[in-house]
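Right, one structure below, let's go through it.
The values are calculated or read from the model by the stated rules, or taken from the named source; none is laboratory data. Keep in mind the model is a prediction, meaning the values are calculated, not measured. Note: ideal-geometry Cβ built from the backbone for every residue, glycine included; neighbour counts use all protein chains shown.
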Amino acid sequence: MSGKILSRSFSMIAFLVAVLLIAPAGVYAAPQEDNKEVTKLLEDIKSQAYDLKRDSDELEAYARSDVSWESHATQLEMMKERINTIGKTIARLQGLRSSASPWQQEAIDRIIPVAQKLASNTSAAIDHLNKDRLKIHEPQYQQYVKSNAEAATNLATLVKDFVEYGKTRTTLEAYERKLEVSQ
């Protein structure tokens, strides 16, 4: 293999930066009803984030063992693809943000920085591997891998908690209507 082992093009990074500059939090009027498409996309990110968490945990295990740099490269490539998929889902969420309920808007706003951190750490790990394939046991690379595993865990937990919040809120509202309880 000659040249770069992995490309580190993250379309998500540029898009997210542009979206954050163009559409700061709190700009849109928020309806009270949950947007069903936003709920579905949050469920999608929940699944994607758990896949990414699994991949990040596996890469972290690789970093503690004696696997080849090719295994690291393969794992990083899978992670990059998952991050790009999450980025595309986030882009769709951003497009629906103005029609989302307040809690859904909060979820979107809080997911973005964690996804950006994942993209940044993965990009740094790819750069490190591209510079020297034999330095996968160096502290700097180990820190990128550890930070990725932590950020992937944070993203998976954050999205799961928001999805559960939405389900619980929907259930509570149904009981309020059924029991005619005023808020």
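Of the numbered criteria (1) surrounded by 15 or more Cβ atoms within 10 Å (Cβ to Cβ); (2) under 20 Å from PHE162 (Cβ atoms), the one GLU60 fails is (2). The single condition from (1) surrounded by fewer than 20 Cβ atoms within 10 Å (Cβ to Cβ); (2) among the polar types (S, T, N, Q); (3) within 15 Å of the chain's Cα centre (by Cα) that ASN148 fails is (1). Against the condition of a type in the set (Gly, Ala, Ser) and modelled with pLDDT of 90 or more, how does SER182 come out, does it pass? Considered against the rule, which asks whether it is of a type in the set (Gly, Ala, Ser) and modelled with pLDDT of 90 or more, SER182 comes out as no. Going by the structure shown, is ALA125 part of a helix (DSSP H, G or I), crowded, with 22+ Cβ neighbours inside 10 Å and within 13 Å of the chain's Cα centre (by Cα)? No: the conditions fail for ALA125.
Residue-level check: of (1) surrounded by 17 or more Cβ atoms within 10 Å (Cβ to Cβ); (2) of a type outside the set (A, V, I, L, M, F, W, C); (3) more than 14 Å from ARG64 (Cα to Cα), TYR141 misses just (3).
Checking region 163-172 against the condition returns a match, with at least one residue being of a type outside the set (A, V, I, L, M, F, W, C), assigned to a helix (DSSP H, G or I), crowded, with 17+ Cβ neighbours inside 10 Å and at pLDDT 90 or above. Of all residue pairs spaced 6 or more apart or on separate chains, those with beta-carbon atoms under 7 Å, a first member in region 64-90 that is touching a residue at least 60 places away in the same chain (Cβ under 8 Å) and under 16 Å from ASP51 (Cα atoms) and a second member that is hydroxyl-bearing (Ser, Thr, Tyr) and assigned to a helix (DSSP H, G or I) are LEU76/THR122; MET79/SER56; MET79/THR122; LYS80/THR122; ILE83/THR122; ASN84/SER11; GLY87/SER11. Taken together, the residues in region 163-183 that are out of contact with any Leu (no Cβ under 6 Å at 6 or more places or on another chain), closer than 21 Å to LYS46 by Cβ and not acidic (Asp, Glu) amount to 8.
Taking region 128-162 as the range and being in a helix (DSSP H, G or I) and among the β-branched types (Val, Ile, Thr) as the test, the residues that pass are VAL145, THR153, THR157, VAL159.
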